[in-house]
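Written below as structure tokens is the structure these notes are about.
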Amino acid sequence: MKALVWFRSDLRVQDNPALRHAFKEADSVEAVYFYSAEQLKNHNEADVKIDFLIQHLFSLEKTLTSLNVPLTIIQSNGFEEDSILLKKYCIDRSVKKVFWNNQFGEDENLRDKQVLEALEFNKILVKTFHDQVIYKPGSLKTGQGNPYAVFTPFKRKWIENFEMDFLDINFQYVKKNPQDLTSNITTFDFNYSRTHRVNMDLWSIGESAALQRLHKFLDEKIINYSKNRNDPILEGTSRISPYLALGIISSKKCILEALKINNFEFTSGNVGVTKWIDEIIWREFYKNIMFSFPKVSRGQPFQDYSKKIKWRFKEEEFQAWKEGKTGFPIVDAAMRQLHYEGWMHNRLRMVVAMFFTKNMLHDWRLGEAYFMKNLIDGDFASNNGGWQWSSSTGTDAAPYFRIFNPITQSTNFDKEGLFIKKYIPELKDLDKSVIHNPSKEHRKYCNYPEPILDLKESRLRAIEAFKIAKS
């Protein structure tokens, strides 16, 4: 039997259920990837993420070719065309069965339904898997049979139902026989033109690079993760998120390797390990939210009352925020990190998003979209969940009256001002006693802008807007 593996957000060989089962069941295996610049644009995928994606397609192709699995890149105009393209490929290549790993967004679910119907109509078998999560989305329910909308009970249920067999992911691939088809990736026109300014040396390419990054974190940093994860200058986080977003490494692999150094305990042992595994579970929680509550994929808030919030908008404030020129050093440093690295420290994502939605009182959807357009680790579920949490419109959200003070956050988590100095060089000569909120004289001397708003007044304005929406 000839099988086809349809790669999507799972650009790896190891712990890839679709590829593994294709190898088990078929005599020969082929692979396809649909590339659509239009679809990527529609989903606000960042230019830097597309760059990362293309480089990893080349890396994946080399590994697949070593196993005699040709990878064909197919030009698509978008999800609505994929069923036609996949059906044609299967008929032309006499494919009997197609394997893929599921995605969970509303658009992706609709596409997969259309593809499944087209293939089944032509008597082509299909087998799918849930490789991005431990449990099938929506399968963990509350005692009332509803999907979880709060993280802590979700996590509790997640751990209660966990079995180590879930992490039985090792598989030895054996080369298939050579085929009459070769990969087309070197001749395919991705029609890609780099517009981002990210230093790509920060993000090594390939499955092996992702695994090395994981083990470096586990060997050197995870023990102190709980203590260091909120200090952006310490580099206390794993920075594995871009690889998870494209499926270059799996969450199961991350959990397995972390558990190995914690006596396979989720809730006891080293607090750094358990806290980091919590972050992996958060990713699954947000994917469940996206799956179980499709409205969040339609640009709607999770909390219905928040539809009535009267968001304001000022173009000059929006531009200052995007350019890292708000006059609040920790906010500006975080936004400049985003542009230089295509990534932002998680604590700072919350600070920046809360400043945007509460102090600026700008619509969270504007910030959410801007992040997606600039993040190398852009993942709709996690990005949407984070922005809705920060804006108090989402599931498990911060109370609307909880508003981070960016100056306090700065002094708490960048005590010496080293992160600010790294990304705002014009402030590099200021002492830590003044760098978090420079005086007028210091700002003038350093050519650094005045604050775009008053923190106290803007906080009261936000609380009033939320009170009115709730009433």
Output the qualifying pairs, or none if there are none: Cβ atoms under 6 angstrom, residues six or more apart or on different chains, first residue in segment 434-457 and closer than 17 Å to Glu317 by Cβ, second residue among the hydroxyl-bearing types (Ser, Thr, Tyr) and surrounded by 10 or more Cβ atoms within 10 Å (Cβ to Cβ). Ile452/Thr326
Residue in segment 94-104 that is out of contact with any Cys (no Cβ under 9 Å at 6 or more places or on another chain), under 19 Å from Leu181 (Cα atoms), assigned to a loop (DSSP other than H, G, I, E, B) and not assigned by TED's automatic domain parsing to the domain that holds Tyr243 present: yes
Looking at (1) closer than 27 Å to His56 by Cα; (2) touching a residue at least 24 places away in the same chain (Cβ under 8 Å), which one does Pro147 not meet, given that it meets all the others? (1)
Just one of (1) surrounded by fewer than 17 Cβ atoms within 10 Å (Cβ to Cβ); (2) acidic (Asp, Glu); (3) in the same structural domain as Leu60 (by TED's automatic domain parsing) trips up Asp112, so point out which. (1)
Is segment 75-84 home to any residue that is touching a residue at least 60 places away in the same chain (Cβ under 8 Å) and either of a type in the set (Asp, Glu) or buried (at least 21 other Cβ atoms within 10 Å of the Cβ) (or both)? no
From Tyr173, Tyr148, grab the single residue that is in the same structural domain as Phe266 (by TED's automatic domain parsing) and touching a helix residue (DSSP H, G or I) at 6+ places or on another chain (Cβ under 9 Å). Tyr148
Would you check if there is a residue in segment 96-109 being more than 25 Å from Glu38 (Cα to Cα) and without any contact (Cβ under 8 Å) to a residue 40 or more places away in the chain? no
Which residue out of Gly342, Gly394, Gly367 is over 24 Å from Tyr423 (Cβ atoms), surrounded by 23 or more Cβ atoms within 10 Å (Cβ to Cβ) and in contact with a helix residue (DSSP H, G or I) (Cβ under 6 Å, 6 or more places away or on another chain)? Gly394
Helices (runs of 4 or more DSSP H) fully within segment 199-259 counting 2 or more residues that are surrounded by fewer than 18 Cβ atoms within 10 Å (Cβ to Cβ): 207-220, 225-228
First in segment 323-345 and in the same structural domain as Lys422 (by TED's automatic domain parsing), second anywhere and aromatic (Phe, Trp, Tyr), Cβ under 6 Å, 6 or more apart: Val331/Phe355; Ala333/Phe419; Ala333/Tyr423; Arg336/Tyr423; Gln337/Tyr423
Checking the structure you have, find out if any residue of segment 273-286 is at pLDDT 95 or above, in a loop (DSSP other than H, G, I, E, B) and not small (Gly, Ala, Ser). no
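The values are calculated or read from the model by the stated rules, or taken from the named source; none is laboratory data. Because the structure is predicted, anything quoted here is derived from the model rather than measured. A quick note on method: Cβ atoms are made from the backbone with ideal geometry, for glycine too, and the neighbour counts reach across all protein chains shown.
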